[in-house]
Amino acid sequence: MTDEALSRRKLLKATSLGLVGALSPAGLSAADAGSQRDAGSQQRYWSADYWAPKGDLELYMYRKRRHAPRAGEPPLPVVFFAHGSSLSARTTYDLVVPGRGEYSMMNVFAAAGFDTWTMDFEGYGRSPLGEGSNSDVRTGVADLTAALLVIGRETGQSRLHFYGESSGALRVAAFAMARPERVERLVLTAFTYTGRGSPTLTQRAKQLEYYRTHRWRKRDRAMIESIFSRDKPGTTDPAVIAAIADAELRYGPNVPTGTYLDMTANLPLVDPAKVPAPTLLLRGQYDGIATMADLLDFFARLPNGDRQFSIIPNAAHAVGTGYNRALLWHVTLAFLRMPPTLPLQPVHAPA
């Protein structure tokens, strides 16, 4: 790690010891005892920063709940949010856009009674990139393994819900294959299976040789804006797109190449037959990362009868920050709150 990176790392850690306020797109502002007043809902939340040890690295983690943990209270259900290839965790799941309503999925789920967690994968946001790493999907599984040690220590829970978007969906699905005993329910948004017929991946594959030979790729304002315009303009508020770019670019103009390489050269990375968890597959109507045929093929191969497929209308790839994000929140909350499935009962002949 360079001297500059070490200095930046020390500064970030020094400002985040213990309980801290939320990071808004304008920068770090501490609120009393780690609570935050959201610009949309005006609800106050408790939040805290953590660091997950992983070899020589420490990966940034963030947690949000309605209130601080209290001794003796029953544990809340835990949901972990995994970000995608071009944006870090807080930008994706805890965005504040003054005057534009609620854009923090963590706020929504904390208000609904969940203990919400997220993390910056290697090379994103506040997390450093390991020597020789490109932060691919396999690396993301190791990151999640490190994160669960922290979550288990802080909550006492070994099973939790996972929500992933885009390459974050690949990461949590791959984790669900590797560690099925740790997954309660699984939500895959903007997911891709084989990549066949995907216009986004066809275009991305033109840079395949670059991804093979470089650990970093450019992620400037124009690239961030293209996430919201490449499939169907009009699905996302322009002010929100600007806020996302402002929030993310403070971390620099580059992100790792690993997941782009995986999605253009190494699919499929997830075998649906090896994903036993109850699974919700979510797709924006206009998302170009995967075709309907590709996703339906994946869905049909899932072994658990407790599974759902939902299409969010008038949405594209970045469903969670689009105009119709409330539909995604509704469907996801309903899935995570499903009552337990009753077993088949013996059939008795009528008397």
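The values are calculated or read from the model by the stated rules, or taken from the named source; none is laboratory data. Please read all numbers here as calculations on a predicted model, not as lab measurements. Every residue, glycine as well, gets a Cβ built from its backbone with ideal geometry; the counts of neighbours run over all protein chains shown.
A few notes on this one:
- Extreme residue, nearest to the chain's Cα centre (by Cα), among residues of region 305-324 that are surrounded by 13 or more Cβ atoms within 10 Å (Cβ to Cβ) and over 19 Å from ASP287 (Cα atoms): ARG307
- Within region 291-307, residues that are over 18 Å from THR200 (Cβ atoms) have Cβ atoms under 9 Å from residues that are charged (D, E, K, R) and part of a helix (DSSP H, G or I) in these pairs: PRO303/LYS274, counting only partners at least 6 apart in sequence or on another chain.
- Qualifying residue in region 251-265 (condition: within 24 Å of ALA174 (Cα to Cα) and surrounded by fewer than 15 Cβ atoms within 10 Å (Cβ to Cβ)): yes
- LEU269 vs. criteria over 22 Å from ARG138 (Cα atoms) and in contact (Cβ under 8 Å) with a residue 24 or more places away in the chain: no
- Taking region 122-215 and the helices (runs of 4 or more DSSP H) fully enclosed by it, the elements with 3 or more residues that are surrounded by 19 or more Cβ atoms within 10 Å (Cβ to Cβ), in contact (Cβ under 8 Å) with a residue 12 or more places away in the chain and of a type outside the set (Lys, Arg) are at 137-155, 167-178.
- Candidate set: region 325-343, residues that are among the aliphatic types (A, V, I, L, M), touching a strand residue (DSSP E or B) at 6+ places or on another chain (Cβ under 9 Å) and in contact (Cβ under 8 Å) with a residue 60 or more places away in the chain; chosen: the one surrounded by the most Cβ atoms within 10 Å (Cβ to Cβ): LEU328
- Lone qualifier among ALA277, ALA265, ALA247, ALA351 - being under 30 Å from ARG126 (Cα atoms) and either at pLDDT below 95 or under 18 Å from the mean Cα position of the chain (by Cα) (or both): ALA247
- Selection within region 89-121 - surrounded by 24 or more Cβ atoms within 10 Å (Cβ to Cβ), among the small types (Gly, Ala, Ser) and in a loop (DSSP other than H, G, I, E, B): SER104
- Taking first residues from region 223-237 that are closer than 25 Å to THR257 by Cβ and partners that are among the charged types (D, E, K, R), the Cβ contacts under 7 Å between residues at least 6 apart in sequence or on separate chains come to ILE224/GLU248; ASP231/ASP287.
- Looking only at residues of region 314-351 that are among the small types (Gly, Ala, Ser) and outside any loop (DSSP other than H, G, I, E, B), we find that the one that is farthest from GLU165 (Cα to Cα) is ALA334.
- Among the criteria (1) touching a strand residue (DSSP E or B) at 6+ places or on another chain (Cβ under 6 Å); (2) of a type in the set (D, E, K, R); (3) surrounded by fewer than 21 Cβ atoms within 10 Å (Cβ to Cβ), the one ASP231 does not fulfil is (1).
- So ARG37, is it of a type in the set (D, E, K, R) and either at pLDDT 95 or above or closer than 21 Å to THR189 by Cα (or both): no
- When the residues of region 289-304 are filtered to those that are assigned to a helix (DSSP H, G or I) and out of contact with any Pro (no Cβ under 6 Å at 6 or more places or on another chain), the one that is surrounded by the fewest Cβ atoms within 10 Å (Cβ to Cβ) is ALA300.
This table checks each residue for (1) of a type outside the set (Val, Ile, Thr); (2) modelled with pLDDT of 95 or more.
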residue	(1), (2)
LEU269	yes, yes
LEU281	yes, yes
GLY284	yes, yes
LEU296	yes, yes
ASN314	yes, yes
THR321	no, yes
ALA334	yes, yes
PRO340	yes, no
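- Extreme residue, surrounded by the most Cβ atoms within 10 Å (Cβ to Cβ), among residues of region 43-75 that are outside any strand (DSSP E or B) and either among the acidic types (Asp, Glu) or in contact with a helix residue (DSSP H, G or I) (Cβ under 8 Å, 6 or more places away or on another chain) (or both): ARG66
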